[in-house]
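Have a look at the structure below before the remarks.
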Amino acid sequence: MITITDVAAEKAKEILSEEGKATWGLRLYMAGSSCCGPSYGIDIVETPGDNDQIIEKNGLKVFIDSETFEKVAGMKFDYIQENDREGFVFTGGEASSCGSGGSGCGSSCG
């Protein structure tokens, strides 16, 4: 199971609300793999896919397909704001760092 922090849930809800999509959710997915390991992506979606697991945290709905759900076991989905770095991050497990503050994700090997 993935852990979604309160900070990540509240920031995601804020972003969804600002975009006029307060009842929508986030889809977390495996975006690829590199020398750093797997990287993960985030999309804003209205409904879950047929094979999605649904996690709710503080009113935020998070959808994760079955394959990705197995890969994110033991990871933490968080939101950070420090120095010149701000965005959603995946930590623990085989996570690559993810950022950009809304929908979309990049990976970082650092």
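The values are calculated or read from the model by the stated rules, or taken from the named source; none is laboratory data. Predicted model only: the values in this text are computed from it and were never measured. Every residue, glycine among them, receives a Cβ derived from its backbone with ideal geometry; neighbour counts consider all protein chains shown. The accessibility values were calculated without ligands, DNA or RNA, using every heavy atom of the protein model including side chains. Shrake-Rupley method; radii C 1.70, N 1.55, O 1.52, S 1.80 Å.
Summary table
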read-out: The stretch 81-110, subset touching a helix residue (DSSP H, G or I) at 6+ places or on another chain (Cβ under 8 Å) and at pLDDT 50 or above, residue surrounded by the most Cβ atoms within 10 Å (Cβ to Cβ); value: PHE88
read-out: Count of the stretch 24-48 residues which are within 17 Å of MET75 (Cβ to Cβ) and either among the aliphatic types (A, V, I, L, M) or modelled with pLDDT of 80 or more (or both); value: 11
read-out: Check on ILE44, open to solvent by less than 20 Å² (accessible area, probe 1.4 Å) and of a type in the set (Val, Ile, Thr); value: no
read-out: Looking only at the stretch 61-79, and only at residues there that are touching a residue at least 40 places away in the same chain (Cβ under 8 Å) and part of a strand (DSSP E or B), the one that is surrounded by the most Cβ atoms within 10 Å (Cβ to Cβ); value: PHE77
read-out: Looking only at the stretch 1-22, and only at residues there that are farther than 19 Å from THR47 by Cβ and among the charged types (D, E, K, R), the one that is surrounded by the most Cβ atoms within 10 Å (Cβ to Cβ); value: LYS11
read-out: Hits in the stretch 23-32 - residues which are open to solvent by less than 70 Å² (accessible area, probe 1.4 Å) and either assigned to a loop (DSSP other than H, G, I, E, B) or basic (Lys, Arg) (or both); value: TRP24, ARG27
read-out: Among (1) closer than 16 Å to GLY92 by Cα; (2) under 14 Å from the mean Cα position of the chain (by Cα) - the single one LYS57 does not satisfy; value: (1)
read-out: Answer residue from the stretch 29-54, given it is of a type in the set (A, V, I, L, M, F, W, C) and under 16 Å from LEU16 (Cα atoms) and is nearest to the chain's Cα centre (by Cα) among those; value: ILE42
read-out: Among (1) at pLDDT 90 or above; (2) crowded, with 19+ Cβ neighbours inside 10 Å - the single one ASN58 does not satisfy; value: (2)
